[in-house]
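J.: Please read through the structure below; I'll follow up with questions.
The values are calculated or read from the model by the stated rules, or taken from the named source; none is laboratory data. Source: prediction; values computed, not measured. Positions of Cβ are generated from backbone atoms using ideal geometry, with glycine treated the same way; all protein chains shown enter the neighbour counts.
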Amino acid sequence: MLLRVLGTAAGGGLPQWNCACPGCAGARRHPSRRRLHDSLAFHRTPTGPWFLANASPDVAEQLESHPTLRPGAGDARTPVVRVVLTDAELDHTLGLLRLREAARIEIWCTEPVRKALQISFPLGRVLAPYTELTWHHLPSGTDAPPAVVAGLEVHAVPVSSKRPRYAADEAAHPAWSSALRVRDPDSDRRAVYLPALAAWTDGLDDELAAADCVLIDGTFLDEEEPRRTGFSERSASAMGHLPVLGPTGTARRLHALGVRAHYTHLNNSNVLADPGAPEREHLAALGLDVAQDRMVIPL
């Protein structure tokens, strides 16, 4: 199995178009610090079929930046695009609109996500005149048989009932936001993709400990970052993202589990986006690191 890191930034990317914070200003001065919206591509084999984990607003640039994700020799177009969604947030679904040139888009998601994209934010109706949409249920729970997407087994691991703002009136559901557990049936290698984590839920230790690689929410460095930087009056956890460091941070838990983990979904206020930040050395000492755009992870 091969993972291609298409982007690693939280909402707005880095730099964010309307922001002149130190992180955005630094990314404008140093192009190597620029980050596209968080997303992944999964392959069973390096040159085989692939699927996207989320479809970000940058999806066209992301696909173009990886030659193996472009149409193959002799192919006029990419006929089918497969997308597995972790949630219904705009940053993870707006890219579906940019994929409308495909002959067919196959989408795997949980029930509340599908309803949101068919009712509250009706992407399905908007896209229908342009491309064929096929919806598939993304199973959750250890007893449910997995979805098979591009030859890989995929489960949803519900982690949050946090709804998108546009879907605030829709029913509560534990699977509004999920991690993806992806397994290669040939090698039994497993990856967990967890771009948004509001709380360390029961069973998450076991889920991550069984993974060969984890890409996890690194939106904020610590609990007070949103307030300290003026990003929000709420704490990191109140915004739906456990911080990396501190008493409620994920770094100490990941270190205790001894898993191979990469932080992704970095906010523009997070100093971890700076390759020279001393906080990165602290993570390295714990055996953790920060994912980079265009990074390729073989498993």
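J.: Looking only at the stretch 86-109, decide whether some residue is surrounded by 17 or more Cβ atoms within 10 Å (Cβ to Cβ), under 20 Å from L266 (Cα atoms), without any contact (Cβ under 8 Å) to a residue 40 or more places away in the chain and touching a helix residue (DSSP H, G or I) at 6+ places or on another chain (Cβ under 8 Å).
T.: yes
J.: Before we move on, is A261 under 21 Å from the mean Cα position of the chain (by Cα) and surrounded by fewer than 20 Cβ atoms within 10 Å (Cβ to Cβ)?
T.: no
J.: Failed condition for R35, given (1) surrounded by fewer than 18 Cβ atoms within 10 Å (Cβ to Cβ); (2) under 30 Å from R228 (Cβ atoms); (3) basic (K, R), with all others met?
T.: Evaluating R35 over (1) surrounded by fewer than 18 Cβ atoms within 10 Å (Cβ to Cβ); (2) under 30 Å from R228 (Cβ atoms); (3) basic (K, R) leaves (1) as the failure.
J.: Out of everything in the stretch 265-299 that is touching a residue at least 24 places away in the same chain (Cβ under 8 Å) and of a type in the set (G, A, S), what residue ends up being nearest to V214 (Cα to Cα)? Show your work before the answer.
T.: Step one: of the stretch 265-299, the residues touching a residue at least 24 places away in the same chain (Cβ under 8 Å) are 265-275, 279, 282-283, 286-299.
Narrowing further to those that are of a type in the set (G, A, S): 269, 273, 287, 291.
Numbers: S269: 23, A273: 18, G287: 12, A291: 10 Å.
Filtering first and then ranking leaves A291.
J.: Just wondering, is there one or more residues in the stretch 177-189 that are touching a helix residue (DSSP H, G or I) at 6+ places or on another chain (Cβ under 6 Å) and surrounded by 14 or more Cβ atoms within 10 Å (Cβ to Cβ)?
T.: Checking the stretch 177-189: not a single residue is touching a helix residue (DSSP H, G or I) at 6+ places or on another chain (Cβ under 6 Å) and surrounded by 14 or more Cβ atoms within 10 Å (Cβ to Cβ).
J.: Could I ask something else about it? Among the residues of the stretch 248-283, write down those that are touching a strand residue (DSSP E or B) at 6+ places or on another chain (Cβ under 7 Å) and among the small types (G, A, S).
T.: A251, A261, A273
J.: Among the residues of the stretch 242-256, how many are assigned to a helix (DSSP H, G or I) and surrounded by fewer than 16 Cβ atoms within 10 Å (Cβ to Cβ)?
T.: Total meeting the criteria: 3.
J.: Output the residues belonging to the stretch 1-35 that are out of contact with any Lys or Arg (no Cβ under 9 Å at 6 or more places or on another chain), modelled with pLDDT of 95 or more and either under 26 Å from R70 (Cβ atoms) or among the acidic types (D, E) (or both).
T.: Within the stretch 1-35, L3, R35 meet the criteria.
J.: So which residues in the stretch 225-241 are among the hydrophobic types (A, V, I, L, M, F, W, C) and in a helix (DSSP H, G or I), if there are any at all?
T.: A238, M239 - these are the residues of the stretch 225-241 that are among the hydrophobic types (A, V, I, L, M, F, W, C) and in a helix (DSSP H, G or I).
J.: Give the residues of the stretch 127-160 that are surrounded by 15 or more Cβ atoms within 10 Å (Cβ to Cβ), of a type in the set (S, T, N, Q) and either touching a Ser or Thr at 6+ places or on another chain (Cβ under 7 Å) or within 23 Å of P185 (Cα to Cα) (or both), sorted by residue number.
T.: Passing the criteria: S140, S160.
J.: Could you say which residue among A88, A76 is in a loop (DSSP other than H, G, I, E, B), modelled with pLDDT of 95 or more and on the phi < 0 side of the Ramachandran plot?
T.: Details: A76 fails: modelled with pLDDT of 95 or more.
That would be A88, the only listed residue that is in a loop (DSSP other than H, G, I, E, B), modelled with pLDDT of 95 or more and on the phi < 0 side of the Ramachandran plot.
J.: Out of the stretch 209-241, which residues are under 30 Å from P46 (Cβ atoms), surrounded by 15 or more Cβ atoms within 10 Å (Cβ to Cβ) and over 16 Å from the mean Cα position of the chain (by Cα)?
T.: Once the filter is applied, which keeps residues that are under 30 Å from P46 (Cβ atoms), surrounded by 15 or more Cβ atoms within 10 Å (Cβ to Cβ) and over 16 Å from the mean Cα position of the chain (by Cα), the stretch 209-241 yields A211, D212.
J.: I need the full set of residues from the stretch 44-65 which are assigned to a loop (DSSP other than H, G, I, E, B) and touching a residue at least 24 places away in the same chain (Cβ under 8 Å), in order please.
T.: R44, T45, P46, G48, P49, N54, A55, S56, P57, D58, S65, listed by residue number.
J.: Something else about it: Any residue in the stretch 149-166 that is over 21 Å from G11 (Cβ atoms) sitting within a Cβ distance under 7 Å of a residue that is in a helix (DSSP H, G or I)? List the pairs, counting only those 6 or more apart or interchain.
T.: From residues that are over 21 Å from G11 (Cβ atoms), the pairs are V157/E207.
J.: Is it the case that G12 is part of a helix (DSSP H, G or I) and under 23 Å from I216 (Cα atoms)?
T.: Answer is no for this residue.
J.: Considering only the stretch 91-111, state which residues are assigned to a helix (DSSP H, G or I) and either under 13 Å from G124 (Cα atoms) or out of contact with any Leu (no Cβ under 7 Å at 6 or more places or on another chain) (or both).
T.: Answer for the stretch 91-111, where residues must be assigned to a helix (DSSP H, G or I) and either under 13 Å from G124 (Cα atoms) or out of contact with any Leu (no Cβ under 7 Å at 6 or more places or on another chain) (or both): D91, T93, G95, L96, L97, R98, E111.
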